[in-house]
Amino acid sequence: MANQKAPIPIKNIYYMLCYAWNILSIKGEINVDSDDFGDAYNLLAKIFTFGLGKLIRSGFHRSYIEDTDLLSAVRGRINIGGSIRARMSRQQKLECTFDEYSTNDSFNQILAYTISALIKHPEIDKRTKQDLKKKQVYFFGIKQTAPTKEVRRKLIFNRNNTTYKMLIHVAIMLYDNTMVNEDDGNNTFADFFRDGQMERVYEMFILNFYALHLNSS
């Protein structure tokens, strides 16, 4: 009994992340319950699931995405080479490149990827997986994209997509601390507490907490 890990309170960690990532505006908008967790990954997965619920209720972010397709009428820019090939294959269409205002952008693609990864992961709690499966249907048709460093550099946050900031940060933490087992090819989580991740988050929490409250006192 003495070697058992103390449970991690989800509410405390959630508030700490809100301070660490400067997203206090959503602190009261995501309903975190009083459940405690034995490891950081199930805790983060639960926070991620709560955030998805808020996002689904408020609506997805949309961006203009460049797309190319064969169309019966001109839309956007005509691609000469592709249109000639279409004519040669007896298709009475033009190949056009155009901007589509769509939810299939990098923000939602990262979330779709993370949902799928958590559902497949053997270490994630069954109840959390069931909840994620219910929310996964809202991401039908959205491409899955891992939050690699290259993808992250292209993300631009603003006040209209604040809810995504929490979700993307959690997705990145999960992605960066997932390793592939060379023996069986299955994913496993790194030792989240020993590699200094939580210490760095705690440092950011302390800095932002005191910067906010000392300046207001």
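The values are calculated or read from the model by the stated rules, or taken from the named source; none is laboratory data. The shown structure was predicted, so the numbers you read here are calculated from the model rather than taken from an experiment. Every residue, glycine as well, gets a Cβ built from its backbone with ideal geometry; the counts of neighbours run over all protein chains shown. With ligands, DNA and RNA removed, areas are computed over all heavy atoms of the protein, side chains included. Shrake-Rupley method; radii C 1.70, N 1.55, O 1.52, S 1.80 Å.
When residues of segment 66-85 are filtered for being open to solvent by less than 50 Å² (accessible area, probe 1.4 Å) and at pLDDT below 75, how many remain?
Total meeting the criteria: 2.
Is there a residue being in contact with a Lys or Arg (Cβ under 9 Å, 6 or more places away or on another chain), part of a helix (DSSP H, G or I), at pLDDT 75 or above and open to solvent by 10 Å² or more (accessible area, probe 1.4 Å) anywhere in segment 56-64?
For segment 56-64, residues in contact with a Lys or Arg (Cβ under 9 Å, 6 or more places away or on another chain), part of a helix (DSSP H, G or I), at pLDDT 75 or above and open to solvent by 10 Å² or more (accessible area, probe 1.4 Å): present.
Just name the residue that is surrounded by the most Cβ atoms within 10 Å (Cβ to Cβ) out of those in segment 145-156 that are assigned to a helix (DSSP H, G or I) and out of contact with any Ser or Thr (no Cβ under 8 Å at 6 or more places or on another chain).
R152
With the condition kept exactly as written, say whether any residue in segment 86-100 is closer than 22 Å to T163 by Cβ and open to solvent by 30 Å² or more (accessible area, probe 1.4 Å).
Within segment 86-100, not a single residue is closer than 22 Å to T163 by Cβ and open to solvent by 30 Å² or more (accessible area, probe 1.4 Å).
Of everything in segment 90-107, what is outside any loop (DSSP other than H, G, I, E, B) and either touching a His at 6+ places or on another chain (Cβ under 7 Å) or at pLDDT below 85 (or both)? Give them in sequence order.
Those that are outside any loop (DSSP other than H, G, I, E, B) and either touching a His at 6+ places or on another chain (Cβ under 7 Å) or at pLDDT below 85 (or both): L94, E95, C96, T97, F98, D99, E100, Y101, S102, F107.
Every residue in segment 157-180 that is open to solvent by 50 Å² or more (accessible area, probe 1.4 Å) and not aliphatic (A, V, I, L, M), please.
F157, N158, R159, N160, K165, H169, Y175, D176
Considering only segment 87-122, how many residues are of a type in the set (S, T, Y) and over 20 Å from I47 (Cβ atoms)?
6
Among what's in segment 7-19 and is open to solvent by 10 Å² or more (accessible area, probe 1.4 Å) and either modelled with pLDDT of 70 or more or of a type in the set (V, I, T) (or both), pick the residue that is farthest from K126 (Cα to Cα).
Checking each candidate, the answer is Y19.
Among the residues of segment 107-134, write down those that are open to solvent by 50 Å² or more (accessible area, probe 1.4 Å) and under 17 Å from V151 (Cβ atoms).
Hit for segment 107-134 is Y113, nothing else.
Only one of (1) closer than 30 Å to T49 by Cβ; (2) hydrophobic (A, V, I, L, M, F, W, C); (3) in a helix (DSSP H, G or I) fails for I142. Which number is that?
Failing condition for I142: (3).
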